[in-house]
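The values are calculated or read from the model by the stated rules, or taken from the named source; none is laboratory data. Remember, it's a predicted structure, so these values are computed and weren't measured experimentally. Virtual Cβ from ideal backbone geometry, glycine too; neighbours counted across all protein chains shown. Note: areas computed on protein heavy atoms with side chains; ligands, DNA, RNA excluded. Shrake-Rupley method; radii C 1.70, N 1.55, O 1.52, S 1.80 Å.
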Amino acid sequence: SLQEISKATNKTKEELLELKNPLDQSRPYLAPSLLPNLLNNVVLNSPGFEAIKIFELGKVFFRPAGQRMAEERRLAAAVWGRSQTDFTELKGALDFFFKGVGITPIYEKGRGESIFEPQEFFQVKVAREMVGHLGRVKEEIRESLKISSPLYALEINFEKIFPGFSDKKIYHPL
């Protein structure tokens, strides 16, 4: 629903892009964030697992205030477990990723509205530019999803880290 999407992404109705003829009437908007579907996957899979570690690389679509449509490629991840899962597990995975590509991120305490708990919300910066955020999902959101223990997530603007990245397929004759 619009309310669930807005709550999970901090996007207003004006920032969402509505499809004229959606294939699924329950999903009338282009995805403004990868996190709602990622969190939904945690919900669907949590009954059968003790822990879940999941990620997605994909495109999001939204309309920044007073502007035309924006499209970004983002990397999102979530970790959840019935016990022993915490913020350091998700941050460690992100640090491992950044180290592998030769980037040193900076983590700053987050400010402003977010789907994350204020005391466990961090902005991720690379070369002084904010590229994403991570933290513990707010308890009210977690409870509305019927998730029993803390849930941690992140979303990074992949294109800000790799500006020349292209997923276009290039075919060469044999």
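A compact table of results
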read-out	value
Within region 47-143, strands (runs of 3 or more DSSP E) holding 3 or more residues that are farther than 11 Å from Leu154 by Cα and in contact with a Leu (Cβ under 7 Å, 6 or more places away or on another chain)	51-62
Among residues of region 38-67, those that are over 30 Å from Lys168 (Cβ atoms), in contact with a strand residue (DSSP E or B) (Cβ under 6 Å, 6 or more places away or on another chain) and in contact (Cβ under 8 Å) with a residue 24 or more places away in the chain, counted	3
Hits in region 27-58 (condition: open to solvent by less than 80 Å² (accessible area, probe 1.4 Å), out of contact with any helix residue (DSSP H, G or I) (no Cβ under 8 Å at 6 or more places or on another chain) and either of a type in the set (Gly, Ala, Ser) or under 17 Å from Ala78 (Cα atoms) (or both))	Leu34, Asn37, Leu38, Asn40, Asn41, Val42, Val43, Asn45, Ser46, Gly48, Ala51, Gly58
Some residue of region 149-158 being in a strand (DSSP E or B), in contact (Cβ under 8 Å) with a residue 40 or more places away in the chain and either open to solvent by 50 Å² or more (accessible area, probe 1.4 Å) or over 22 Å from Phe62 (Cα atoms) (or both)	yes
Residue that is surrounded by the most Cβ atoms within 10 Å (Cβ to Cβ), among those in region 69-86 that are among the aliphatic types (A, V, I, L, M) and modelled with pLDDT under 90	Ala70
Region 87-122, residues that are in contact with a His (Cβ under 8 Å, 6 or more places away or on another chain) and open to solvent by 30 Å² or more (accessible area, probe 1.4 Å)	Phe122
Out of Val137, Val101, sole residue that is in contact with a helix residue (DSSP H, G or I) (Cβ under 9 Å, 6 or more places away or on another chain), closer than 21 Å to Ser33 by Cα and in contact (Cβ under 8 Å) with a residue 12 or more places away in the chain	Val137
